[in-house]
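Each remark here refers to the structure printed beneath this line.
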Amino acid sequence: MSTVQIGIEGMTCANCTARVERALRKAPGVAEVTVNLATERATIHYDPTLTSPTAMAERIDEAGYQPIVDEATLSIGGMTCANCSARVERALSKRPGVLEANVNLATERATVRYLPATVSTGDLSRVVREAGYEVLEAAGDGEAQDSERAARERALRSLRRDLIVAASFATPLVVLTMLHMFVPAADRWIMATVGMRGFVLLSFALATVVQFGPGRRFYRPGWKSLRAGSPDMNSLVMIGTSAAYGYSLVATFLPRVLPAGTVNVYYEASAAIITLILLGKVLEAVAKGRTSEAIRKLMGLQAKTARVVRDGNEIEIPVGEVRPGDAVLVRPGEKIPVDGRVLSGQSFVDESMITGEPVPVRKRPGDEVVGATMNTSGAFRFEATRIGADTVLSQIIRMVEEAQGSKPRIQQLADRVVTVFVPIVMAIAAVTFVTWLALGPEPALTFALVNTVAVLIIACPCAMGLATPTSIMVGTGKGAEMGVLFRKGDALQSLREVKVIAFDKTGTLTEGRPTLTDLHLVGHGDRAELLRLIASAEAQSEHPIAEAIVRAARSEGLDLAEPQRFEARAGFGIEATIEGRRIQVGAERFMVQLGIDASSTRDAAATLADAGKTPLYAAVDGELVALVAVADPIKASTPGAVRALHELGFDVAMITGDARRTADAIARQLGIDHVEAEVLPDGKVDAVKHLQAGGAKVAFVGDGINDAPALAQADVGLAIGTGTDIAIEAADVVLMAGDLRGVPNAVALSKATLANIRQNLFWAFVYNAVLIPVAAGALYPAFGVLLSPILAAAAMGLSSIFVLTNALRLRRFTPPMDAPTMAQVPRADPAVAAA
């Protein structure tokens, strides 16, 4: 299966997204489709052997909308024959997101039509280079979003232009009509100057410009969706304004066909409705642009150029032309262009945009550096290892975009309503017309027309379509700023429903770097010699406890021996042969398994365990010789994070391989509610299942590598990111820094986002449920109140703006804990850079 994203122009409401989804699902080989109104993108998972991005783009066009497609021209060097051009053409055509590629050997140019939401010009350049040819003119990866942004800016400019035209003609029309109706002196002046016939013809001329000028944008998509049996907001506006304008046209030129007393014109209503709806659309487009601000800020962090060494020369090139293996030079105060490994030199790098930690990190040869972070002092050279879409920043952007484009379960209700919403509104409008025509006061036809138009205009599927995706966009963007990456939009809802949060202990609650605290000898022996033998055996193990013992031995200057044999027994311990002696080190259960009596040290082990230390037993040639204790310091952020989670109403659990006594001691120290102790490495999944057995939803927090199965089993998996290793497939949420304060902050953001979505959906549903009956005339029998179509148009525009404005409030979300956050634009300290 492949995945492609397509930007789409022309969608105005939730009915539009539903229509595009239906059109794409009909394509052979399409497994899953998500169309997001806020991001104006379709995400499609498909079988490339059965369909293609080109076919899907055509289906979007057939549905009445415009796929955002761009064209790039690449100048290619190294092609010598038709086989070369064919090879480049095949390589480009196979790239997901490429619609068409033509390579001309004579001009040495490739012309590529592609989907900018899926592929960038930098990606295209890399495809050509991987095929073995040189790209002489290349653009950078930062252009991946440029075409979509340009398309949205063009659409906004077009909307503004239409609004200016509509307002220029509708405003004098409405003003003249109001003066004619409510100001006697003005009415007399109009009658004396142009007369009633002249006034009606002037109104006709002004309204016609608005109806078929700016109003034309509603006709094409509205008529197309109406013919397809899937009417949308454009259809409602088209029918409503055409009814008012058409009735006025008949009253102007064929008045005798209308019943006596019903010859009235409503030119000002049709013109004002179009103008107000356009105003609402302009404000909506501006607000929608602000919802994606987090992505723009992240993309703005990318460096534009890189200084590389090629053929012994130092040259500055666009960052999109950097290749893996290039030697890249970085000076003080410069951004690191791509990910890599330091070759020479040293410096301090501000990695706050990745980890949230404000203190610069020292970098020496062999250390990894991350693209878009800031070099504060010193110059160094590094080897480019990850470029383009593989860099950490690109992964972060991709995660945020995927989360913003996904649909949480709460959206399903809105989707079900939207599929029938517009047809129901049209049915209500028809019933309104017939009812007023049959039962209304005279002139009944006038009342029927006005109220039918009001019903058609006030109905707003836009608000329902925007209610969820705008909140998801702002919420996930805010999370990215906080160093909390929601990999799936549904994780926002799932995290809100969790009752128990379980933590892996080592490396999550603790620093993950244990230290040797005690070495009690059993009987007589040489302490240094025993420590040397134990450390020599443990040196072959990658377990953090083994590393602690080895570090302690080396810190005492002991020379470790090479084992003749080594065996690790997962969850129990290790066994090795050192200088002909059999060394066995592990937990008490290991000693029991070996048949070694450890009862003499039971009290001492209990005392160590009660202090939160992990006791281990060491045996030499089958005889117990020492009791070793190792402690893993608790992270400074852990106690506060556990308290915050309790305040938020969660039960907190700990899953650890430690002995029960040690685990209970740590749990008492932190105030943890449930402990799953003595869990073997492959038993974490069962531990999570045990916590889920009562029906409660469980979130599991681990390091995302060895905890992957437990992260996948949990209802929500939260992975502790390690800065450079954030592409953790098993997790739903990635905490960029190792700071556990990100957990309560993620939960609080989840609750705030879900509350915001519910507010939006409540407003969208209540608005339509209350105001459609009012527009139909429900208040007229009791209060004599009718809703003007002009006011209906204003209310319709305000409903979408209200939803968007409410979603934007999430940008002011304040996390409950003051945790490190991703800096938006990291800058070097001028004083440090100068030094």
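Over segment 617-671, the alpha carbon radius of gyration divided by the compact-protein estimate 2.2 N^0.38 Å works out to 1.59. Legend: P(r) of segment 59-114 from all alpha carbon pair distances, 10 Å bins from 0, whole percents, reading 24, 45, 20, 10, 1. At q = 0.16, 0.20 Å⁻¹ the log10 of I(q)/I(0) for segment 41-87 amounts to -0.70, -0.81, computed by Debye summation with a single uniform scatterer per C-alpha, solvent ignored. Across segment 753-761, computed HN-Hα scalar couplings (Karplus, 6.51 cos²θ - 1.76 cosθ + 1.60, θ = phi - 60°) run 5, 5, 4, 5, 4, 4, 4, 5, 5 Hz from first to last residue, x flagging Gly and Pro.
Using all pairs of distinct alpha-carbon atoms, the Kirkwood hydrodynamic radius of segment 242-281 works out to 10.8 angstrom. Using only the C-alpha atoms, the convex hull of segment 100-140 corresponds to 71 Å³ per residue. Translational diffusion of segment 186-237 was estimated from the Stokes-Einstein equation, with Rh taken as the Kirkwood radius over Cα pairs; at 4 °C and 1.567 mPa s the coefficient is 99 µm²/s.
When all alpha-carbon pairs of the chain are counted, what percent fall beyond 48 Å? Tail fraction, whole percent: 38.
Here, segment 548-592 has an Rg and a Dmax of 11.8, 33 Å when only alpha carbons are counted. Largest first, the extents of the alpha carbon coordinates of segment 379-467 on the three principal axes equal 87, 27, 14 Å. Ellipticity at 222 nm from helices only: DSSP H runs of n ≥ 4 in the chain, each -39500 (n - 2.57), divided by the residue count, give -15500 deg cm²/dmol. Carbon-plus-sulfur accessible fraction, segment 50-175 (probe radius 1.4 Å, protein heavy atoms only): 49%. Listed peptides 248-256, 121-129, 295-303, 507-515 appear in the order 121-129, 507-515, 295-303, 248-256 once ranked by packing, highest mean of other Cβ atoms within 10 Å at the front. Calculated FRET efficiency, R227 to T49, Cβ-Cβ distance, R0 = 35 Å: about 0.60 to the nearest 0.05. The loop-placed trypsin sites (Lys or Arg not before Pro) in segment 348-410, going by DSSP, that have at most 14 neighbouring Cβ atoms within 10 Å of their Cβ come out as R409. Cross-link partners for K613 among the lysines, with Cα-Cα distance under 17 Å and sequence neighbours closer than 8 places in the same chain left out: K505, K635. Here segment 358-425 is treated as a sphere whose radius is the Kirkwood value from Cα pairs; by Stokes-Einstein at 4 °C and 1.567 mPa s it diffuses with a coefficient of 79 µm²/s. Taken along the Cα-to-beta-carbon direction at a fixed 7 Å, the label points for R197 and A285 span 4.2 nm.
Using only side-chain charges placed at the Cβ, +1 for Lys and Arg and -1 for Asp and Glu, the dipole size of segment 635-674 relative to its Cα centre rounds to 160 debye. Label-to-label distance, D597 versus A782, with points set 7 angstrom from Cα along the beta-carbon direction: 9.1 nm. Gyration tensor analysis over the Cα atoms of segment 475-625 returns equivalent ellipsoid semi-axes of 39, 18, 15 Å (largest first, whole Å). In segment 462-551, the inverse of the mean reciprocal separation of distinct Cα atoms equals 18.0 Å; this is its Kirkwood hydrodynamic radius. In a reduced charge model with +1 at each Lys and Arg Cβ and -1 at each Asp and Glu Cβ, the chain shows a dipole moment near 3580 debye about its Cα centre. Of the residues L691, A714, L136, the one whose Cα sits farthest toward the positive end of the charge dipole of the chain, with +1 on the Cβ of Lys and Arg and -1 on the Cβ of Asp and Glu, is L136.
Counted by Cβ distance under 11 Å from P231, the other residues give a net charge of +2, where Lys and Arg count +1 and Asp and Glu count -1. What the Kirkwood sum gives for segment 274-396 is a hydrodynamic radius of 15.8 Å, with every pair of different alpha carbons counted. Mind giving me the FRET efficiency for A693 and N264? R0 is 56 Å, r the Cβ-Cβ distance, nearest 0.05 is fine. Working from the Cβ atoms, E equals 0.20. Across segment 81-96, coupling constants 3J(HN,Hα) worked out from phi with the 6.51/-1.76/1.60 Karplus curve, θ = phi - 60°, read 8, 4, 5, 5, 5, 5, 5, 5, 4, 5, 4, 5, 5, 6, 6, x Hz, and Gly and Pro carry x.
For segment 508-561, the spread of Cα positions along the three principal axes, ordered from largest to smallest, is 38, 22, 17 Å. The aspartates and glutamates within cross-link reach of K697, meaning a Cα-to-Cα straight distance under 19 Å and a gap of 8 or more places when in the same chain, are D490, E497, D504, E647, D651, D673, E676, D686, D707, D715, D732. Over the Cα atoms of segment 673-806, each weighted equally, I'd like the Debye log10 I(q)/I(0) at q = 0.18 Å⁻¹, rounded to two decimals. Computed log10 I(q)/I(0) values: -1.01. In terms of Cα atoms, the Rg and Dmax of segment 269-319 work out to 22.5, 73 Å. How much of the calculated P(r) for segment 642-712 lies past 19 Å, in percent of all Cα pairs? For segment 642-712, the share of Cα pairs beyond 19 Å comes to 35 percent.
What residue among M181, M817, V370 has its Cα farthest toward the positive end of the dipole of the chain, where the charges are +1 on Lys, Arg and -1 on Asp, Glu, each on the Cβ? Projecting each Cα onto the dipole axis, the largest value belongs to M181.
Restricting attention to segment 258-390, the count of lysine pairs at 8 or more positions apart or across chains with alpha carbons under 28 Å apart stands at 8. Here the calculated FRET efficiency for Q346 and V309, from their Cβ-Cβ distance with R0 = 25 Å, stands at 0.85, rounded to the nearest 0.05.
DSSP assigns beta bridges within the chain; of those with both partners inside it, close to 80 percent run antiparallel. Length, then width, then depth: along the principal axes, the Cα atoms of segment 745-812 run 52, 20, 13 Å. Here the extension length gained between V770 and S75 equals 244.2 nm, from 0.36 nm per residue of separation less the Cα-Cα distance. Here the label points at F212 and L521, each 7 Å from Cα along the C-beta direction, are separated by 10.6 nm in the simple model.
The value obtained for segment 540-638, namely the Cα convex hull volume divided by the number of residues, is 119 Å³ per residue.
For L99, the residues whose amide H sits under 5 Å from its own are R113, Y114, L115, ignoring neighbours fewer than 5 places away on the same chain, with H placed 1.01 Å from N.
Pair-distance distribution of segment 1-47: all C-alpha pairs, bin width 5 Å, starting at 0; shares per bin in whole percent are 5, 25, 35, 21, 11, 3, 0.
Expressed as a fraction of 2.2 N^0.38 Å, the value expected for a compact globular protein of N residues, the C-alpha radius of gyration of segment 600-757 is 1.17.
Expressed as a whole percent, the accessible area of segment 480-636 that falls on carbon and sulfur atoms is 46 (1.4 Å probe).
Cross-link reach is defined here as a Cα-Cα straight distance under 27 Å, omitting same-chain residues fewer than 8 places apart; for K26 the lysines meeting it are K94, K224, K407, K488. Put simply, the C-alpha atoms of segment 13-130 give a gyration tensor, and the ellipsoid matching it has half-axes of 31, 14, 11 Å, longest first. Legend: Rg and Dmax of segment 134-275, from Cα coordinates, 21.1, 80 Å. Rolling a 1.4 angstrom probe over the protein heavy atoms with all chains in place gives the chain an accessible area of 41 Å² per residue.
The values are calculated or read from the model by the stated rules, or taken from the named source; none is laboratory data. Computed from a prediction, not measured in an experiment: that's the story for all the values here. Ideal geometry is used to build each Cβ from the backbone, glycine not excepted, and the neighbour counts take in all protein chains shown. All accessible areas refer to the heavy atoms of the entire protein, side chains included, with ligands and DNA or RNA removed. Shrake-Rupley method; radii C 1.70, N 1.55, O 1.52, S 1.80 Å.
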